[in-house]
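Notes for the one structure printed next.
The values are calculated or read from the model by the stated rules, or taken from the named source; none is laboratory data. Keep in mind the model is a prediction, meaning the values are calculated, not measured. Neighbour counts run over all protein chains shown; Cβ positions are idealised from the backbone, glycine included.
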Amino acid sequence: MVERKPFYSADDIRHLEYQHSRPGEAPFLRGPFTQMYRHKPWTIRQYTGFANAEASNAAFKQTLAEGGQGLSVAFDLATHLGFDSDHPAAQADVARTGVAIDSVEDMKRLFDGIDLSRVSVSMTMNGAVLPIMAAFIVAGEESGVAREQLRGTIQNDILKEFMVRNTYIFAPKPSLRICADVVDYLSEALPNFNSMSISGYHFQEAGAEPALELALTLANARAYLDAISARGLDLDHFCHRLSFFFGVGMNFFDEIAKLRAARLLWCEEVERRGARSDRAKRMKMHCQTSGWSLTAQEPHNNLIRTTIEAMAGVFGGTQSLHTNAYDEALSLPTEHSARLARNTQLILQQETGICDVADPWGGSYMMESLTQQMADKVRDYLRQIDALGGILAALESGWVSKQIHGQALRTQSRIDNGQHPIIGVNRFVSDDEARPPVRAIDAGEVLNQQRQRLQRLKETRDTRRVEAALADLTAAAASPTANLLAFTIEAIRARATLGECTQALLKQMRRHQADAHYLAGLYGIERRQDTQWHSIRREVEAYHQQLGQAPRALLVKLGLDGHDRGVRVVASGLKDAGFDVDISPLFSTPEQVQRMLDAAPYDALGISLLSGAHLPLVEQLLNTLGQEACDRLGVFVGGIIPDQDIPALTTMGVDAVFPPGNSMEAIISELIAVLAEKHSA
Ligand code: SCA
Ligand code: 5AD
């Protein structure tokens, strides 16, 4: 949090250079447009996608009919990682966290009956950006929409995937080339399409405070500017199509200050690089309320949290907004929770008068002062990154991960010791365990259907044409001057699948695998004065004495789920409490887990899953490990696990389940109880 004073006065802002600037004028701190929401309110753009193209298409139509103003596609994890739905590695994850898309035919079904010349479409895609962008372009083409008419945004921000979101396919260097190819191509062929959405959101979800979130976002943006400018592209030609994306959490004043500071710093950056036009210098942004801030306990409280966060996004001057559904921590939104989330924005736009004034916080002694402090803090981070040799060097050195994870651990320790209040979790806890109904997805049904569709596609297409287009794509990957998006469009038009395009590229660029790690020491330091923590450490110590060695835990991530904040926090907590802890690489298979378990005498196996694929993945893993291992190990599962799935997990042999909101001591205490029982049996 930036420092606060008890009150602010004119003295706090007298020295600020920009204090007489206006909305719509450089440095755009006060907003990218003069009239702001008086001319056009922000776009209500809700991230949506689940099951198959038809189900998601119906949800899109419903959102548009009920007041949504733009579309935003959530793809499933198989699509993100470049696997067709029939790929063995993808089976458990198809259709769960978003929509399954294997070919241009699926993309056409996704937008069937929606006029792409009128509705703008955001697509959150990074790893498989080439085939997805290509499929969108070809789908538009085949539905009769000219390329110049296509409006929307492709996320195409691969650097943050290596830092937090983890849906990368290739290594950072070839990935950067792909990003630049996409920007280059779109700036010519789709002049109304935003070619990047440079994202801070995922840093905040992973634990970063607002200043760190903004610094990392801008550091990545600088790396993209370097890569694109190196091709000789003029900033005034492409910069206005680089868009930004921030998270908005519960830290109300800082969040508004962050969005204002973001525009100031971006304007300075592109001016320094020689941009002349206002449209290149003014930052446009999308915001999403924080998923992490929402709780599984008393989920209706989340409506209140989201409303407050949405207001911070709007006071900060966002161009587009997603408000999370209140059942966030339980599952994907239901129709009802999605409607309430959308209504939150409609009420703000139409019932409150908030849209009448541009930058209503402008001139507030406090807000102007916080904005300046935020900008200074971000500049300081950027200097540190420069001193490390730039953001890629900072990433490789582990600095980025240490900063984010360090802040995540500090927050968790403050929640666990009660200093960071969360109503219904660590204060005013309710006994009322009533849970709302959650969305269930028949992923097995979608999987069968996608398999059949793939088979039909392969039977009816011109195989020779597909093979030639894929061979050209592989050759283009070896030639640094070829534009990979142009070649992918040809392959997709010929009815190559998304997975085949990825395979064609993988012949030249191998699949990237990152190491897994966590930080030891930081969580415990934050709790060193805390009696509850000392008592849990004593419990572990007593068990250590009984065993004759520290209890050993292996924590694993299975399937295609890359959300690793939770597993890394639990690893750090267990370690600092006295366990020996190892964590598996992301995307581990049951066989890999078995090998890890064979390599050392573990007492506990923890499985972290937020992708909704916990039932098939835990079952596969425990079947592979066999009865003897399940009897010997304390097996626990953490993540987004709906209540109704807990009995099935218990039947499979899971000893304890920890949905979001458990304190570290609750987890450790239950784990020790399970281990003690197993040990004595
Ligand atoms: C708007 N316009 C104005 C104006 N307001 N003109 C004058 N005065 C005003 N007040 C003009 C704009 O210049 C633009 O025209 C047109 O009206 C549309 O407005 P816009 O502001 O550009 O709005 P929009 O089309 O909605 O675009 C917003 C934005 C775009 C630029 C931020 O990139 C976007 O929609 N991003 C959304 C990203 C997103 O949804 N991501 C989801 C991530 P011109 O175009 O002619 O200039 S979900 C995720 O990643 C989290 C989950 C996960 O999976 O990890
Ligand atoms: N539909 C709606 N919202 C989603 N989110 C993730 N996937 C979906 C989806 N398919 C939201 C959640 C999550 C954030 C990253 O995006 O709020 O926390």
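Tabulated data
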{"item": "Residues located in region 160-177, provided they are in contact with a strand residue (DSSP E or B) (Cβ under 7 Å, 6 or more places away or on another chain) and farther than 11 Å from Leu130 by Cβ", "result": "Lys160"}
{"item": "Unique residue being in contact (Cβ under 8 Å) with a residue 12 or more places away in the chain and within 16 Å of ligand 2 (Cβ to nearest atom) when the list is Gly82, Gly140, Gly98, Gly152", "result": "Gly98"}
{"item": "Residues located in region 260-303, provided they are more than 23 Å from Phe315 (Cβ to Cβ) and either of a type in the set (S, T, N, Q) or surrounded by 21 or more Cβ atoms within 10 Å (Cβ to Cβ) (or both)", "result": "Val270, Ser277, Ala280, Thr295, Ala296, Gln297, Pro299"}
{"item": "Residue in region 75-91 that is within 15 Å of ligand 1 (Cβ to nearest atom), in contact with a strand residue (DSSP E or B) (Cβ under 7 Å, 6 or more places away or on another chain) and aliphatic (A, V, I, L, M) present", "result": "no"}
{"item": "Of residues in region 451-507 being among the acidic types (Asp, Glu) and in a helix (DSSP H, G or I), the one surrounded by the most Cβ atoms within 10 Å (Cβ to Cβ)", "result": "Glu500"}
{"item": "Close pairs from region 459-479: first within 16 Å of Ser103 (Cβ to Cβ), partner of a type in the set (Phe, Trp, Tyr) and surrounded by 15 or more Cβ atoms within 10 Å (Cβ to Cβ), Cβ under 8 Å, at least 6 apart", "result": "Ala469/Phe487; Leu473/Phe487"}
{"item": "Residue among Thr334, Thr371, Thr306 that is away from ligand 1 (no atom under 16 Å from the Cβ) and crowded, with 22+ Cβ neighbours inside 10 Å", "result": "Thr371"}
{"item": "Any chance Leu218 is within 12 Å of ligand 1 (Cβ to nearest atom), touching a strand residue (DSSP E or B) at 6+ places or on another chain (Cβ under 9 Å) and in contact (Cβ under 8 Å) with a residue 24 or more places away in the chain", "result": "no"}
{"item": "Those strands (runs of 3 or more DSSP E) lying entirely in region 547-660 with at least 1 residues closer than 29 Å to Glu433 by Cβ and modelled with pLDDT of 95 or more", "result": "552-557, 604-609, 634-639, 656-658"}
{"item": "Yes/no for Asp359 being within 13 Å of ligand 2 (Cβ to nearest atom), surrounded by 18 or more Cβ atoms within 10 Å (Cβ to Cβ), of a type in the set (D, E, K, R) and in contact (Cβ under 8 Å) with a residue 12 or more places away in the chain", "result": "no"}
{"item": "Filtered residue count, region 302-329, keeping only those that are within 14 Å of ligand 2 (Cβ to nearest atom) and on the phi > 0 side of the Ramachandran plot", "result": "0"}
{"item": "Positions within region 591-620 being within 17 Å of Asp442 (Cβ to Cβ) and among the small types (Gly, Ala, Ser), in sequence order", "result": "Ser611, Gly612, Ala613"}
{"item": "So Gln350, is it polar (S, T, N, Q), part of a loop (DSSP other than H, G, I, E, B), away from ligand 2 (no atom under 16 Å from the Cβ) and out of contact with any Cys (no Cβ under 7 Å at 6 or more places or on another chain)", "result": "no"}
{"item": "Any chance Lys173 is more than 15 Å from ligand 1 (Cβ to nearest atom) and either in contact (Cβ under 8 Å) with a residue 60 or more places away in the chain or out of contact with any Ser or Thr (no Cβ under 8 Å at 6 or more places or on another chain) (or both)", "result": "yes"}
{"item": "Number of the condition not met by Arg45 [criteria: (1) within 14 Å of ligand 2 (Cβ to nearest atom); (2) free of Cβ contacts under 8 Å to residues at least 40 places away in the same chain]", "result": "(2)"}
{"item": "Qualifying residue in region 25-32 (condition: acidic (Asp, Glu) and more than 16 Å from ligand 2 (Cβ to nearest atom))", "result": "yes"}
